[in-house]
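Structure first, then comments.
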Amino acid sequence: MTNDIIILPLVVHLFFSIVLMFFWNKVDFQKIFSVVANFIALVVAICVFVFVYNNGTQVVQSGNWEAPFGIVFVGDMLAATLVLLTAIAGFAVSIFSTISVIRARLRFGYFSVFHFLLLGLNGAFLTGDIFNLYVWFEIIIISSFVLISIGGEKNQLEGAVKYFALNFFASMIFLTALGVLYGLVGTLNMADISLKIAEVQNRNLVEISAVLFLVGFGIKSAIFPLYFWLPASYHTPPSAVSAIFAGLLTKVGVYALIRVFTLIYGGDGFLNTLLLTLAIMTIFSGGVGAIIQNNIKKVFMYFIICHIGFMIGGLALFTEVAMAGVIFYLIHDIIIKTNLFLISGLIYRIKATNNMKKLGGLYANYPKLSLLMAIPLFSLIGIPPLSGYWPKISLILASLNAEQYWFFGALIFGSLITLIVIAKLWSEVFWKDQPKLSLPKKFIYFDQLRLGQKFTFIFPVAFLTFVTLYIGFGAEHIQQLSQRIASELINNELYIDAVLKR
Amino acid sequence: MRTLILKSASSYLLPVLLIFSVFILLRGHYLPGGGFVGGLVAAIAFVLHAFSHGLDKTRTILKLHPGFLMPLGLLVAFLSGIAPMVFSDLPFMTGLWAENPIPVIGAIGSALFFDLGVYLVVIGASLTIIFTISESA
């Protein structure tokens, strides 16, 4: 059973978090162990990716129960790619966490819960059973509740309550949608549902269940008008936690939307119009929100919302070119958003604030670091040949081909807003002279850290920047990969045949 | 709640409830019961003891911190899950069963060890929660 390899990412993360629980009080050991563990997980994820790339879609029937009845784990190209991206982001964030997250937080099992979060993410990407997807979502949100509220500062708990309430509500709606769907088709295996849903007579009920899924996943992936919890909560925990949330938590919602709306509700006219409208509104409201913010972290948060719209809109167009753009954008976005929040953590460590008005002079004092930070910022805008440029070409091309000029306009608007806001951020934070203000005394500044400690801040940013550069300059490989995933998603017979062994 | 009746009763009830919890754990495969319910019953036994004798005495009976039971239980459940992958080349979580049933306990399979893991996690989690609350109260 060599295809067992696709569940190895789950097995290793579960094992590591159990080991970390045994060493609950030994924080220094946990730091080293977690970094090593994430490195091992990265190696495993690369093996899984290469294996799936060479051998096609892999299926593991857990418990040896046959496909429509048991829970299956399906490693198709999309899942393998996302597992790899999760491992890359997890590795970077675990190194960043070692020094930047204060000891009082690490003492309460931070790393153990961090591995549980990664376990949940990997599980959500790999499962082929829609109820199992719900279970992985629960694991993700329970772990993220712990991570967001650990430390217990006042504004942190305020953010946590908002996050908790809305995500719990989303889970409830997701579960309702599951119930309706199960009542219609009598199966929970996604491949099996895909076959049986075409025969359902009551199309209205099918669309109702689709809209319920859209609302449930929409809250999680922060699309218009359901995104209000995100700006209220993501800036409150430490930067390392915000980074993993920004990079992966909203993207798992996007992944679920992609999976459900290609495999189960593919090509439905009404739903695609709905998705497209929501996408345009999401781009617009996220972009406008980003202009007025003064906190770097809040600016980046509104960018998350804005750029979610790009992906949802591409999904709504439902052509191969558009899907390739969506997948490329997803790959680019996971790395870049994780990196941006790590950068905001690094800036906070240097200047003890994230407020643009109080920041300044970074370029004069840290020219090399500024160059390092410039690359992800410019990639976000999509300056050719950096990584944001390539998926936007596919998306713009697809929107013109489909004659969706509103979405075309929204894409241009979103890119322009990104450019304006990053230009403003660059001039405020990097070029402007440092304004005179009283800096807090009891704060460990970046300059006071030892060389090894500085390394834990710079290495993750440099590592993710390197990956971004690869995505930009090796765009040919990523484009091939995205096109392969897109054709697998659009022609979903391959997935269904692999799962049901037809 | 330091009454004499409860105090003497709980000393006898502790072992009885623990045996009962193991009974529920073992009958759980085909009949109502299992690791979760068994774990709760075992946790109740210790909570009752803590009510009547005080938290410190229960701690001395337990010897180890209840939180330690959580990773231990998770490890047992985890090992029962990967055992088929390691030993017989079957998918994750496939049930492995011993050929000959053992008297009293019955057929032994990897599902029993999974349930045992759940049992330990539930005891650990509920005792940690209740002890922490009663400490701060």
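Bear in mind that the values in this text are calculations on the coordinates, not laboratory data. What you see is a predicted model; the values in this text were computed from it and never measured. Every residue, glycine as well, gets a Cβ built from its backbone with ideal geometry; the counts of neighbours run over all protein chains shown.
Across segment A:138-151, computed HN-Hα scalar couplings (Karplus, 6.51 cos²θ - 1.76 cosθ + 1.60, θ = phi - 60°) run 5, 4, 4, 6, 5, 4, 6, 4, 5, 5, 6, 9, 5, x Hz from first to last residue, x flagging Gly and Pro. Between residue B:36 and residue A:64, the FRET efficiency estimated from the beta carbon spacing at R0 = 22 angstrom works out to 0.40.
Segment A:331-388 and segment A:146-211 have Cα centres spaced 34 Å apart.
Take each residue in B:85-91, count the other chain C-beta atoms within 10 Å of its C-beta, and the mean is 4. Highest mean first, the peptides A:275-285, A:49-59 sorted by other C-beta atoms within 10 Å per residue fall in the order A:275-285, A:49-59. The length gained by stretching the chain between residue A:53 and residue A:497 to full extension, at 0.36 nm per residue less their Cα-Cα distance, is 158.1 nm.
Nearest 10 degrees, 0 to 90: what angle lies between the long axis of helix A:405-425 and the longest principal axis of chain A (Cα atoms)? Taking Cα atoms only, the helix is inclined about 20 degrees.
Computed over neighbours whose Cβ is under 14 Å from that of residue A:432, the net charge equals +3, Lys and Arg +1, Asp and Glu -1. Here the dipole of segment B:2-134 is about 640 debye; that uses its Cα centre as origin and unit charges on the Cβ of Lys and Arg (positive) and Asp and Glu (negative). Which of rounded, prolate, oblate describes segment A:22-77, given a ≥ b ≥ c as roots of the alpha-carbon gyration tensor eigenvalues and a/c under 1.5 marking rounded, otherwise prolate only if a/b is larger than b/c? Here segment A:22-77 falls in the oblate category. Distance between the modelled labels on residue A:43 and residue B:20, one decimal in nanometres: 5.1 nm (7 Å Cα→Cβ projection). Applying a length cut-off of 15 Å (Cα extent along the axis) and a mean Kyte-Doolittle floor of 0.0 to the DSSP H helices of chain B leaves B:4-27, B:35-53, B:69-87, B:110-136.
A Förster distance of 60 Å, applied to the separation of the beta-carbon atoms of residue A:169 and residue A:444, puts the FRET efficiency at 0.95. For segment A:187-200, 3J(HN,Hα) computed residue by residue from phi via the Karplus equation (6.51, -1.76, 1.60; θ = phi - 60°) reads 8, 10, 6, 4, 5, 5, 4, 4, 6, 7, 6, 5, 8, 5 Hz, glycine and proline entered as x.
Using Cβ point charges alone (K and R +1, D and E -1), the dipole size of segment A:1-148 about the Cα centre works out to roughly 720 debye. Residue by residue along B:69-75, Cβ atoms of other protein chains within 10 Å of the local Cβ number 4 on average. Expressed as an acute angle from 0 to 90° and rounded to the nearest 10, what is the orientation of the C-alpha long axis of helix A:203-221 relative to the principal long axis of chain A? Between helix and principal axis, roughly 20 degrees.
Judged by the ratio a/c of the largest to the smallest principal axis of the C-alpha gyration tensor, segment A:238-299 counts as oblate, that ratio being 1.5 or greater while a/b is no larger than b/c. Each helix, a run of at least 4 DSSP H residues, gives -39500 (n - 2.57); summed and divided by the residues of chain B, these come to -24500 deg cm²/dmol at 222 nm. Mind running the shape call on the protein assembly as shown? Use the C-alpha gyration tensor, a ≥ b ≥ c as the square roots of the eigenvalues: rounded below 1.5 for a/c, prolate if a/b tops b/c, oblate otherwise. It comes out oblate by the Cα gyration axes. For a quick check: with amide H placed at 1.01 Å from N, whose amide H comes under 5 Å from residue B:65's, ignoring anything fewer than 5 positions away on the same chain? Here nothing satisfies the definition. Per-residue mean of foreign Cβ neighbours for A:335-346 is 0 (Cβ atoms of other chains, 10 Å radius).
Residues whose amide H comes within less than 5 Å of that of residue A:295, counting only those at least five positions distant or on another chain, are A:356 (H built at 1.01 Å from N in the peptide plane).
Once the Cα-Cα distance is subtracted from the 0.36 nm per residue extended length, the residue B:60 to residue B:135 segment shows a gain of 25.5 nm. Phi angles across segment A:35-45 convert, under the Karplus curve 6.51 cos²θ - 1.76 cosθ + 1.60 with θ = phi - 60°, into 3J(HN,Hα) values of 5, 4, 4, 5, 5, 4, 4, 5, 4, 4, 5 Hz, Gly and Pro given as x. Helix A:269-292 axis versus longest C-alpha principal axis of chain A: approximately 0°, rounded to the nearest ten.
With Cα atoms defining each centre, segment A:55-97 and segment A:454-502 are spaced 13 Å apart in the structure.
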